[in-house]
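First the structure, in the form of structure tokens, and then the observations on it.
The values are calculated or read from the model by the stated rules, or taken from the named source; none is laboratory data. Keep in mind that this is a model prediction, so the values were computed, not measured. Quick reminder, even Gly has a Cβ in these numbers, built from the backbone with ideal geometry, and neighbours come from all protein chains shown. Ligands, DNA and RNA are excluded from the accessible area calculation, which covers all protein heavy atoms including side chains. Shrake-Rupley method; radii C 1.70, N 1.55, O 1.52, S 1.80 Å.
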Amino acid sequence: MSKLLKFLFGSLLGKLILAFFVLGVAPAAIVGVISYQKAASSLTDESFAKLEAVRGIKTSQIEGYFNERLGDVSVLSSNATVVEAISAFEHAFMEEGGVDNGPLYAAAVAEYGDWLTQYNDEYGYYDLFLIAENGDVVWTAFKESDLGENLVTGSLSGSPLGAVFQKGLSAISVQDFAAYAPSGGVPAGFVSAPVYAGGDVEGVVALQLPLEAINTIMQ
């Protein structure tokens, strides 16, 4: 190594070789580094552009999904079967002191239960709720622990279902996904709408959104 250094720095030929290296190879290396950085920057910009495009598509899909769900609950709230059902279940609930406590509730289940359950299943919802104006959950398709609870005075008053019920008394509403205890604590989102009978609010119909649908869009 010492002989090489002595040659490079101690002889004219060595100095010329060193000069050619500095003037030729070094600039080439610098150009290479700059080119690499530009290429990396270009690839990064391209990647971000693709991510922004995907974000725009996903945002549009999510908005479309929620708009469709709001459309579903809006139509459902004005359906004659739903109007009759919520009245029948509420009457049975009040007269018999809860759900499945007597012939009135059984008769309402026999008349309206299959139709409501079929709607819930065909449209791919997790659950369908009929809620009296005072907050009593008088019927559900899935029959979890929320059935028979009161969303105003009970333990679910601060839940996502409690929130969407309050909003649903006056308008078609949506409640974002949050942990919901009756469904095992998994995140649940809801849409709701007021049900009118004779011009007055009879109660609220609510739909629990399946988390899988959102996951499918996001993935």
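One residue stands out in the stretch 84-106 among those that are among the acidic types (Asp, Glu) and open to solvent by 90 Å² or more (accessible area, probe 1.4 Å): the one that is farthest from Gly154 (Cα to Cα), namely Glu84. Each residue in the stretch 88-104 was checked for being of a type outside the set (A, V, I, L, M, F, W, C) and touching an Asp or Glu at 6+ places or on another chain (Cβ under 6 Å), and 1 pass.
Any idea which residue in the stretch 163-219 is nearest to Ala88 (Cα to Cα), counting only those that are of a type in the set (A, V, I, L, M) and in a loop (DSSP other than H, G, I, E, B)? Checking each candidate, the answer is Leu169.
Look at (1) open to solvent by 80 Å² or more (accessible area, probe 1.4 Å); (2) within 23 Å of the chain's Cα centre (by Cα) and you find that Ser60 fails only one, number (1). Being hydroxyl-bearing (Ser, Thr, Tyr), out of contact with any Lys or Arg (no Cβ under 6 Å at 6 or more places or on another chain) and crowded, with 23+ Cβ neighbours inside 10 Å, is that true of even one residue in the stretch 146-158? Taking every residue of the stretch 146-158 in turn, none turns out to be hydroxyl-bearing (Ser, Thr, Tyr), out of contact with any Lys or Arg (no Cβ under 6 Å at 6 or more places or on another chain) and crowded, with 23+ Cβ neighbours inside 10 Å.
Determine whether the stretch 134-144 contains at least one residue that is open to solvent by 60 Å² or more (accessible area, probe 1.4 Å), on the phi > 0 side of the Ramachandran plot and modelled with pLDDT of 95 or more.
yes
Restricted to the stretch 168-201, and to residues there that are open to solvent by less than 40 Å² (accessible area, probe 1.4 Å) and touching an Asp or Glu at 6+ places or on another chain (Cβ under 7 Å), the residue that is farthest from Ala141 (Cα to Cα) is Val201. Given the condition in a loop (DSSP other than H, G, I, E, B), in contact with a Pro (Cβ under 6 Å, 6 or more places away or on another chain), open to solvent by 10 Å² or more (accessible area, probe 1.4 Å) and on the phi < 0 side of the Ramachandran plot, answer yes or no: does some residue in the stretch 107-125 qualify? Looking for residues that are in a loop (DSSP other than H, G, I, E, B), in contact with a Pro (Cβ under 6 Å, 6 or more places away or on another chain), open to solvent by 10 Å² or more (accessible area, probe 1.4 Å) and on the phi < 0 side of the Ramachandran plot, one finds none in the stretch 107-125, hence no.
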